[in-house]
Amino acid sequence: MLTVREAQDQDADQLIELIAGVFAEYPGCVMDVDGELPELRCIASHFSAHGGKFWVAERDGQVVGCIGFAPATDESGIELKKLYVHSSERKHGLGGQLVDRIETAARARAARFIDLWSDTRFTTAHAFYERRGWVRGPTTRALHDQSDTVEYYFRKDLTR
């Protein structure tokens, strides 16, 4: 049975395993938790301290998906963070369920938009976002990390 719940700091090992598995699907994506993603070791505390929230999806006690949000740079919106779904759970609606949580949270905060940044290699995710009404902007950013990540910017307007 699939359940979605608020994340706890104790989810760290399974969360790291999930995201490492997704990264492994893309050539050149490197998982360096302590150097680049230390927030994964205390995910609930991290998001709470930054005014956001984080959820995990579990099937039979195993974390198979996750998503969170934090305030956007522009205080009238929020930023979607860390949507990852295990390959075995894709195309069954879990990604949509998780994004629905973010959109509900955004509306509860009277947010006018939701921003997100996505690695240029994650083309399947880009198509998913665009089907759900997100618009890719002209902006990219380079993270200068071990994966040589360049990200596309997306926004979903909630005022329509």
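Read the figures in this text as sums done on the coordinates, not as results from a lab. Remember, it's a predicted structure, so these values are computed and weren't measured experimentally. Backbone-built Cβ (ideal geometry, glycine too); neighbour counts: all protein chains shown.
Placing unit charges on each Cβ (+1 for Lys and Arg, -1 for Asp and Glu) gives the chain a dipole about its Cα centre, and among 56, 28, 158 the Cα reaching farthest toward its positive end belongs to 158. Near residue 64, the amide H atoms lying under 5 Å from its own belong to 57, 58, 59; only residues 5 or more places off or on other chains count, and H is placed 1.01 Å from N.
Does region 50-99 classify as rounded, prolate or oblate by the C-alpha gyration tensor (a ≥ b ≥ c root eigenvalues; a/c under 1.5 gives rounded; else a/b over b/c gives prolate, otherwise oblate)?
prolate
Taking the Cα centre of the chain as the origin, how large is its charge dipole in debye, to the nearest 20, when only Lys and Arg (+1) and Asp and Glu (-1) carry charge on their Cβ atoms?
On the way: 20 positive and 25 negative charges, 183 e Å.
Computed charge dipole of the chain: roughly 880 debye.
If you rank 121, 41 by fewest surrounding Cβ atoms within 10 Å, what's the result?
Working: 121 18, 41 15.
Lowest count first: 41, 121.
Highest GNM mean-square fluctuation among 54, 122, 69, for the chain modelled with Cα contacts below 10 Å: 122.
Rounded if a/c is under 1.5, else prolate if a/b beats b/c, else oblate: with a ≥ b ≥ c from the C-alpha gyration tensor eigenvalues square-rooted, which is region 2-157?
On the way: a/c = 1.26, a/b = 1.09, b/c = 1.17.
Rounded.
Placing unit charges on the Cβ atoms of the charged side chains and taking the dipole of region 2-157 about its Cα centre, the candidate lying farthest along the positive direction among 4, 99, 19 is 99. Taking a ≥ b ≥ c as the square roots of the eigenvalues of the alpha-carbon gyration tensor, region 69-127 is classed oblate because a/c is 1.5 or more while a/b is no larger than b/c. When the Gaussian network model of the chain links Cα atoms closer than 10 Å, the mean-square fluctuations of 20, 49, 111 top out at 49.
Determine the dipole magnitude for region 77-117: charges of +1 sit on the beta-carbon of Lys and Arg, -1 on that of Asp and Glu, nothing else is charged, the reference point is the Cα centre, and the result goes in debye to the nearest 20. Don't jump to the answer; show the numbers that get you there.
On the way: 8 positive and 5 negative charges, 8 e Å.
Magnitude of the dipole: close to 40 debye.
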